[in-house]
Amino acid sequence: MPSIKLNLHQEVEQIFGKKFQYQKPKAPQAWQLPPDQKQNPHFGEYYQFPALLALKDNLNAVKSKLNDYGVEEWSSHTNRRDPSGEVSWRLKNETKAEFVTVAWCKFFEVLHRYPVVSQPKLNTVHLCEAPGAFIAALNHYLHSKYQKDEIKWNWRSTTLNPYYEGNALTEMITDDRFIFHTLDHWIFHEDLTGNLINVSNIKGMTDRCMKDFAGQEVDLITADGSIDCAQQPESQEEIVQRLFSAEIITALSILKKGGTFVIKMFTLFEACSVSLLYLLNCVFENVNLYKPATSKRGNSEVYVICLDYQKEAPGLARLLEEMLQKLSNPQDAMVMPLFAKADIPKDFLLQHEIGCRLFMKLQVDAIEGSIYAYESNDRVYTQHLHDLRGLVSSMYYNRYKVRPLAEDLCLVSNKASLNKPLGQFVPIYGGSYTERAKIQQGDILHQMYCLRREFNQLEKCPNTNAIVSYKHEPLNGSLRVSWGLPVQQLQSSLFASERVLLLRLRLLDTFEMDPIWQINSKCLLNATDQSGINYQSPEENESFHQGQQKFFANLIEIVLKQKPMTIVFDNFLFLSHYAVSLLLVLGEMIFNEMIINETSINLNGLKQDLDIAEQLLSLLKTETSDGKAIHSFIDIKYLQKNQFSQALIQHNNNLLLACYRSMLGEDSFPRPMANTASVESKTNSSNSNDMVVV
């Protein structure tokens, strides 16, 4: 049993006091970047620190006790007993704060505990920011501290683009509720991926910020990125090194002299992490490690708060160039320490070890306490945790003087849509770590059993895409083309439910065939057409984008030549912005009527004016010298967050589930998902479009 040595008020103070500050020595012993020297080149020596690795082994030994607990069940257990669990609930329901998440709560704490913001006039950049809670928290903080007319705040943000289907579903946050309403502030770079690890994107960030901020300097940069490590939890530090290096390079390249940098990191035991922390201590006057009270006690995350940037530190510019060159090799994991072992001062190492020990002990105590609460039925301890939740919530409100924010001060006018739950949480990896390991090593029958079980659970999930009514905004007869890196493989989509797409990933781990190509997709022209145009998987050495481009170019050519009065997309998945934008242009600007059913989409009544079709064909055949490709043919606002997209999501869900059922030997194909809906659009003129549910 975890001993309850502290009274509740003492424990609350401990929860709010998880911090560590590096004490920098004064000159001539001050920590400085190592001089450029041939005997100790950067990234030239691999080594580790035994004392830190011993801490890592101790922590992993405690973490391994969780291997047999299911992800969903354990997450539910720790959420119910999290001491800060009531904070976000109160912020959502009592204070009605905008876009409250755990990240919102954590950054609001950081803003109050450290002088991150010292004036109401500032420019900020937020790296790896999805879904955008840091920005909403900063807005709430500014309006809590300053008057509206005092605040002069400009911000830009970047993250893996949820609208780019080449980004892996398991590597990004697809929640775009805030992003969609603030798109003008988001930078997805020239390739449209939003991938900060790409060196050209890092270089482009500096120019873009200079342009968007009209030459004004950046006061604050935050970096809240991470990479899923559920399959290799013991190697978390090594897995995230490239991302952390990219975030640090970007921040140090853009931030103004005297600026502030806040980056989320995890355990700091590896020598590569030690080098990065030493770098930050050399170029910032004040560096702190801080774990907010609202950060889950059992995880490893810790925020590094870096104050007063010394932008002109000798050797920094050269060092950043070397780091960029190292990062440019996609095969390099960046686990080689930046500095030679002899260049890390002993007094820094001693302080760093003390900080690591502090946060490791806090995490170990939290994990063992959660295990005890899970395995026992200790009512005294359960009541203790319940009382602790109430006190932590009250302390949060009192300490940070939380108050409501007027509606007109919010970043998004429809605040209610941001705080609406996304629905049932579905983890990327189900079951326990031990079960997942056994499945990977098990025979095909056991894997099939697990997949069928997951499929059955998926079919029982309530449908959240039921459609009540729909009125589409007219497209106004114009195309708005966006360009980006061609999608090599379809790895994600916002046009199907995430839980449905996750099962596709698990099927890909077992089967050689991709479910999306097991559907017999056809495009039928006119009622007499029985053969149709098949849409098949890309040929060898052909990208997903090239396959789409070839099919739709052929289709538009046929439309212009044969002028069919109807088109039926039978068992046809529309999962990319490229395909969906083409569908909407066809249904709203080239045909008079579009009907979306469970397994088919019908276009009826070809219009006489086919100028738009001619423009489409020209664009479809356009080849660029810079390697870019069309991402979408119309503005994204027409493709997301409306009844058209909801109907299309339901259509795609139906087809994918039917395909999964066929692959897993369940019943016959197809059988629609429960609570299906269809949308019919009728156009009486080229300038007005009305859609009703049938």
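No value in this document is a laboratory result; all are computed from the given coordinates. Just so it is clear, the model here is predicted, and its values are computed rather than measured. Don't worry about glycine lacking a Cβ; one is built from the backbone with ideal geometry, like all the others, and counts go over all protein chains shown.
Ordering of 595-606, 95-106 by packing is 95-106, 595-606, highest average first (other Cβ atoms within 10 Å, averaged per residue).
Spin-label model, K211 to S413: label points 7 Å out along the Cα-to-beta-carbon direction sit 2.8 nm apart.
Between region 243-268 and region 126-144, the alpha-carbon centres lie 17 Å apart.
Using θ = phi - 60° in the Karplus curve 6.51 cos²θ - 1.76 cosθ + 1.60, the 3J(HN,Hα) couplings for region 138-154 round to 5, 4, 5, 5, 4, 7, 7, 9, 10, 6, 4, 6, 7, 6, 10, 10, 10 Hz; x is entered for Gly and Pro. Principal-axis analysis of the Cα atoms of the chain puts helix 643-663 at an angle of about 90° to the longest axis. Taken one residue at a time, the phi angles of region 587-597 give Karplus couplings (6.51, -1.76, 1.60, θ = phi - 60°) of x, 9, 10, 10, 10, 8, 8, 10, 10, 9, 10 Hz. Gly and Pro are set to x. Its DSSP H runs of at least 4 residues, each contributing -39,500 (n - 2.57), put the calculated 222 nm mean residue ellipticity of the chain at -13000 deg cm²/dmol, to the nearest 500.
I need the calculated FRET efficiency for the pair E285 and L183, taking r as the beta carbon distance and R₀ as 41 Å, to the nearest 0.05.
0.70
Close amide H contacts of V218 (hydrogens built in the peptide plane, cut-off under 5 Å, sequence separation of 5 or more or a different chain): K256. Available extension along the chain between K641 and T95 is 194.0 nm, counting 0.36 nm per residue and deducting the alpha carbon span. Annotation: amide H-H contacts under 5 Å for D635 (H modelled 1.01 Å from N, sequence separation of 5 or more, or interchain): R480.
Ordering of 295-302, 447-454, 634-641 by packing is 295-302, 634-641, 447-454, highest average first (other Cβ atoms within 10 Å, averaged per residue). Among K26/K341; K106/K341; K607/K637; K152/K628; K19/K145, which pairs are too far apart, with a Cα-Cα distance over 30 Å? Where the Cα-Cα span goes over 30 Å, the pairs concerned are K106/K341; K152/K628. Checking (1) 98, 57, 51; (2) 72, 66, 57; (3) 85, 60, 53 against the coordinates, the calculated Cα extents along the principal axes in Å falls under label (3).
Packing around the peptides 384-391, 118-125, 535-542, taken as the average count of other Cβ atoms within 10 Å per residue, puts them in this order, highest first: 118-125, 384-391, 535-542. Distant-in-sequence amide contacts of F591, defined by a placed amide H-H separation under 5 Å and a gap of 5 or more residues or a different chain, comprise K607. Take the Cβ atoms of R403 and K203, set R0 to 35 Å, and the FRET efficiency comes out at 0.25. Residue-wise HN-Hα couplings along region 241-254, as the Karplus relation 6.51 cos²θ - 1.76 cosθ + 1.60 with θ = phi - 60° gives them from phi, are 4, 4, 5, 4, 4, 5, 5, 5, 4, 4, 5, 6, 7, 9 Hz; Gly and Pro carry x. Projected label points at D68 and Q48, each 7 Å from Cα along the beta carbon direction, are separated by 2.7 nanometres.
Model label points for H9 and R480, set 7 angstrom from Cα along the Cα-to-Cβ axis, are 5.8 nm apart. Taking other Cβ atoms within 10 Å as a rough exposure proxy, H545, H126, H181 sort from fewest to most as H181, H545, H126.
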